[in-house]
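Peer 1: Let me give you the structure first, and then I'll get to my questions.
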Amino acid sequence: MYKQHVASFWTADEIDLSADLTDWHDKLSPQERHFVSMVLAFFAGADGIVVENLAERFCRDITLPEARCFYGFQMAMESIHQETYCLLIDTYITDVNDRERLFTAHTSVPSVKRKATWAQRYIESEASFAERLVAFAAVEGIFFAGSFCAVFWLKKRGLMPGLTFSNELISRDEGLHCTFACHLYSKLERKLPQDDIYRIIGEAVEVEKAFICDALPVSLIGMNANLMRQYIEFVADRLIRDLGYRPLYGAKNPFDWMDMISLEGKTNFFEKRVAEYQKSGVMASLTSKNGANSEGTDDQGSMKKLDFDADF
């Protein structure tokens with residue numbers, strides 16, 4: 001999976017924002033501009049929290065070289081995500097005071113602060129590695145889901161091509177981070193009881209619903225808040241299933257058009273480059289090795305079982 005991430009490397013300089021300002025000023029309503037601004041404010045702070053957790057906790061918790069390679073590259077990509085969100089804010093927001101408010105939203109805007117506080121709690125927690133691993137899978141898999149979905153709604157309407165293309169790239173990266181968390185969790189000897197999984201995921205779902213449906217309602221951009229609540233539950237069920245447990249909500253995807261958020265995204269009329277592009281030759285070096293699969297483990301799953309509570 002480390003190789004998958006390397007193959008998908010990109011930089012903020014590759015995002016073309018030249019057409020976005022026309023949409024921002026002429027096509028988005030004031031309510032829509034407020035919505036996009038607050039979503040970007042959350043994203044800009046959230047990636048910093050993820051990096052802090054990786055640097056302060058996970059890279060100290062784990063000694064497995066394969067996992068450390070992945071986390072090291074993930075930190076680099078999270079920094080690129082942060083740079084991208086800062087670039088978007090700098091481009092769209094011209095007032096210096098408004099810009100500063102967005103850059104500090106994780107401490108000053110209650111709806112954003114609540115999400116940041118929930119994640120920060122697990123960085124400082126003495127909980128087991130398994131619990132913290134699941135919590136940060138929820139951060140990247142659930143806390144980002146509603147906002148990703150809302151930006152894809154703008155894409156469906158043909159608006160903000162630079163924003164929506166960067167959203168496609170970043171959502172693909174975050175999906176890979178979640179997949180890795182689930183893969184690593186599957187290797188742990190000491191897994192969590194189902195009730196603990198439901199508690200952690202359930203808390204994350206309620207925090208995300210409060211953010212994207214209440215404090216920053218998606219109705220501002222013409223989306224149905226009840227369907228968004230259902231979508232968040234659907235995403236949570238998918239994560240729970242990937243962790244190896246029975247779904248909690250039994251929710252179905254209410255947004256058929258969200259198929260475009262998958263890793264098999266298609267190039268649309270305004271994109272210069274498809275978002276699932278890969279660096280030439282990186283994945284080929286994996287598939288050419290006898291018995292190696294795309295996750296970098298052999299056919300027998302050579303990544304050994306891990307018992308963090310015993311080792312740390």
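Peer 1: Checking Glu83 against (1) of a type outside the set (S, T, N, Q); (2) surrounded by fewer than 19 Cβ atoms within 10 Å (Cβ to Cβ); (3) closer than 26 Å to Asp16 by Cβ; (4) in contact with a His (Cβ under 7 Å, 6 or more places away or on another chain), only one condition comes out false. Which one?
Peer 2: If we test Glu83 against (1) of a type outside the set (S, T, N, Q); (2) surrounded by fewer than 19 Cβ atoms within 10 Å (Cβ to Cβ); (3) closer than 26 Å to Asp16 by Cβ; (4) in contact with a His (Cβ under 7 Å, 6 or more places away or on another chain), just (4) comes out false.
Peer 1: Here are some residues: Arg57, Arg33. Which one is touching a residue at least 40 places away in the same chain (Cβ under 8 Å), closer than 23 Å to Gly146 by Cα and surrounded by fewer than 22 Cβ atoms within 10 Å (Cβ to Cβ)?
Peer 2: Arg33
Peer 1: When you scan segment 24-121 for helices (runs of 4 or more DSSP H) that lie fully inside it, which ones turn up with 3 or more residues that are under 25 Å from Ser8 (Cβ atoms) and of a type outside the set (Asp, Glu)?
Peer 2: Qualifying helices (runs of 4 or more DSSP H): 30-53, 65-92.
Peer 1: Would you check which residues across segment 139-180 are more than 9 Å from the chain's Cα centre (by Cα), over 19 Å from Cys86 (Cβ atoms) and of a type in the set (A, V, I, L, M) and list them?
Peer 2: Ala150, Leu154, Leu159
Peer 1: Quick one: is Gly45 of a type outside the set (Lys, Arg) and closer than 18 Å to Phe144 by Cα?
Peer 2: Answer is yes for this residue.
Peer 1: Would you confirm, using the coordinates I've provided, whether Glu208 is buried (at least 23 other Cβ atoms within 10 Å of the Cβ) and at negative phi?
Peer 2: Yes.
Peer 1: Further question on the same structure: Take the residues of segment 114-146 that are hydroxyl-bearing (Ser, Thr, Tyr) and modelled with pLDDT of 90 or more: which is surrounded by the fewest Cβ atoms within 10 Å (Cβ to Cβ)?
Peer 2: Thr117
Peer 1: Please go through segment 152-172 and pick out each residue that is among the β-branched types (Val, Ile, Thr) and more than 17 Å from His25 (Cα to Cα).
Peer 2: Ile170
Peer 1: Evaluate the following for Pro110: is it surrounded by 20 or more Cβ atoms within 10 Å (Cβ to Cβ) and more than 22 Å from Leu227 (Cα to Cα)?
Peer 2: For Pro110, the condition - surrounded by 20 or more Cβ atoms within 10 Å (Cβ to Cβ) and more than 22 Å from Leu227 (Cα to Cα) - is not met.
The values are calculated or read from the model by the stated rules, or taken from the named source; none is laboratory data. These figures come from a predicted structure and were not determined experimentally. For neighbour counting, all protein chains shown are included, and Cβ atoms are generated from backbone atoms with ideal geometry for every residue, glycine included.
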